[in-house]
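See below for the structure under consideration.
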Amino acid sequence: MRYLQELEMIAVERGCAGLGATHAGEFSGLAVTLRDRLDSGAAGKLRFTYKDPERAADVRNSYPWAQSLLVASWPYMPGSGGPGPSAAGSGRIARFATQNHYSGLRAALEAVAAQLEADGYRAAVLIDDERLVDRAAAVRAGVGWHGKSSMVLDPKYGPWLLLGSVVTDAALHSGIPMTRDCGKCDACIPACPTGAIVAPGILDASLCIAHWTQVAGIIPRRFRMAMGDRLYGCDECLDACPPGHRVMASDPHVMGRVDLVELLATDDETLLRRYEHLYIPRNNPRFVRRNALVALGNSAAAAEAAGRVASVDLERIVGVLAGFLGDPDELYRIHAGWALGRIGGRVAAALLRARLVDEAAPEVVHELEHALGACAGGRD
Ligand code: B12
């Protein structure tokens, strides 16, 4: 117990909210849960822990010597502020990604691992890894409880926590899971714009906006309007969570606002450097630009509807979208076309009509026709 307290001190001194321990045995029922979600489509398109459910459900499959898991939570609020007011041409990044919040957690866990190694034990740091379901480990180690949003919460920081573990062959006392739960509160469930929390504690990733900002390919049309001005991630269920409100209110900083027009003019190398802390599918910046096109259309349409955009700014935005409408990359033509349809008006309609004359790709034609219809009738 004393040894665990010493290790917790190392983590807390480096900024962790807490460190708990649990045995390294299998998480019962987890492999079946992962398989069920894969089979039903609720895992969405991201793989990570779903790549090999049996492996992710028992860390000893990856580390046969493992005896214990030391699990830390990292409060990234205060320190991530909020996105501030929206404006035409401005997008937002979810708070967990406004900067590399994982680096502090990693440094803390590496210090814990170094101490274990200095004391003759084996140790490996696992954060956001395919080989461990971080939330299952955190709950069993007593560092938080499973919220109805599926986030792990603690009483002080609510859901504004990142999680990570050290696997070790030291046999450390197991933590006691928190007895707290969300009680009658279910504020997160109606707060989700796409109904992704399908039952208390169960997220259907295929309906989650954060998921669609992080996968490759075309964003299905029915999620594009719901994305709003989000460039990456989504915080709606976290924002709505009462245990997190105090810490949110204590952070006045405006962070995570992005100039979408500037982003769309930025070269690949610069974008990859700027967002190296984000998970970008195939490390390909075209997926960041795809998100930016959707967010640009939404932000301009919302500002126009509210009478908050100067015509010169709107013209500039329409001009940027028109440029992508002629791009060789179909992905850009599809999302730029949609964004023009979202903004609507005579100029957007004329641009879409002109593009349709030259467009040969059937999927793009279909999207552009839909966008033209939206210009006329306000469809999404
Ligand atoms: C894939 C993934 C995603 C996917 C799918 C998320 C999901 N729910 O599975 C997407 C892209 C949607 C996503 C989104 C986000 N993610 Co993510 N993601 C992951 C990743 C890589 C794997 C998650 C996983 O294995 N899920 C498998 C399923 C089975 O686990 P689960 O959903 O937690 O399921 C548990 C509950 O359903 C619970 N349960 C079952 N029945 C019931 C019943 C009740 C009543 C209750 C209360 C609970 C409950 O038991 C299950 C097993 O523990 C982890 C990192 C990792 N290696 O673990 C990060 C991780 C979960 N993500 C994280 C974050 C920060 C986010 C976002 C907040 C980012 C953002 N702002 O956009 C959102 C939150 C959306 C949400 N409400 O979950 C953090 C969560 C920290 C925390 N405090 O919980 C993690 C742990 C990363 C990290 N190392 O910190 N993520």
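Data table
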item	result
Selection status of Gly79, more than 17 Å from Leu278 (Cβ to Cβ), modelled with pLDDT under 95 and not assigned by TED's automatic domain parsing to the domain that holds Asp313	yes
Residues (under 17 Å from Asp327 (Cα atoms), within 19 Å of the chain's Cα centre (by Cα) and of a type outside the set (Val, Ile, Thr)) located in the stretch 264-295	Asn284, Pro285, Arg286, Phe287, Arg289, Arg290, Asn291, Ala292, Leu293
Selected residue (only one of Gly201, Gly175, Gly228 is more than 8 Å from the ligand (Cβ to nearest atom), more than 16 Å from the chain's Cα centre (by Cα) and not assigned by TED's automatic domain parsing to the domain that holds Leu19)	Gly175
Some residue of the stretch 182-196 being outside the structural domain of Gly18 (by TED's automatic domain parsing), β-branched (Val, Ile, Thr) and either more than 21 Å from the chain's Cα centre (by Cα) or within 8 Å of the ligand (Cβ to nearest atom) (or both)	no
Cross-chain or 6+ apart pairs with Cβ under 7 Å, the stretch 264-292 first and at pLDDT 95 or above, then of a type in the set (D, E, K, R)	Leu264/Arg289; Pro285/Asp268; Arg286/Asp329
Positions within the stretch 60-118 being within 14 Å of the ligand (Cβ to nearest atom) and of a type in the set (D, E, K, R), in sequence order	Arg92, Arg95, Arg106
Residue in the stretch 332-350 that is at negative phi, touching a Phe, Trp or Tyr at 6+ places or on another chain (Cβ under 7 Å) and in contact (Cβ under 8 Å) with a residue 40 or more places away in the chain present	yes
Pairs where the first residue, in the stretch 92-103, is not assigned by TED's automatic domain parsing to the domain that holds Leu231 and the second is among the hydroxyl-bearing types (Ser, Thr, Tyr) and at pLDDT 95 or above, C-beta under 7 Å, 6+ apart	Ile93/Tyr232; Ala94/Tyr232; Arg95/Tyr76; Phe96/Tyr76; Ala97/Tyr232; His101/Tyr76
Count of the stretch 1-57 residues which are of a type outside the set (S, T, N, Q) and outside any helix (DSSP H, G or I)	23
Filter result for the condition that a residue is within 21 Å of Glu54 (Cα to Cα), at pLDDT 95 or above and not polar (S, T, N, Q), over Val112, Val143, Val152, Val139	Val139
Flag if Leu163 is near the ligand (Cβ under 6 Å from one of its atoms), outside the structural domain of Arg55 (by TED's automatic domain parsing) and surrounded by 15 or more Cβ atoms within 10 Å (Cβ to Cβ)	no
Ala57 vs. criteria under 30 Å from Leu296 (Cα atoms) and either more than 14 Å from the ligand (Cβ to nearest atom) or of a type in the set (Gly, Ala, Ser) (or both)	no
Matching option when the condition is in contact (Cβ under 8 Å) with a residue 60 or more places away in the chain, under 30 Å from Ala108 (Cα atoms) and crowded, with 19+ Cβ neighbours inside 10 Å, among Ala171, Ala210	Ala210
Within the stretch 219-278, considering residues that are closer than 24 Å to Ala300 by Cα and β-branched (Val, Ile, Thr), the one surrounded by the fewest Cβ atoms within 10 Å (Cβ to Cβ)	Val254
Residue among Ala72, Ala24, Ala31, Ala17 that alone is in contact with a Gly (Cβ under 6 Å, 6 or more places away or on another chain), touching a residue at least 24 places away in the same chain (Cβ under 8 Å) and assigned by TED's automatic domain parsing to the domain that holds Ala123	Ala72
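The values are calculated or read from the model by the stated rules, or taken from the named source; none is laboratory data. Bear in mind the structure is a predicted one, so any value in this text is a computation, not a measurement. Neighbour counts are summed over all protein chains in view; Cβ atoms, including those assigned to glycine, are modelled from backbone coordinates with ideal geometry.
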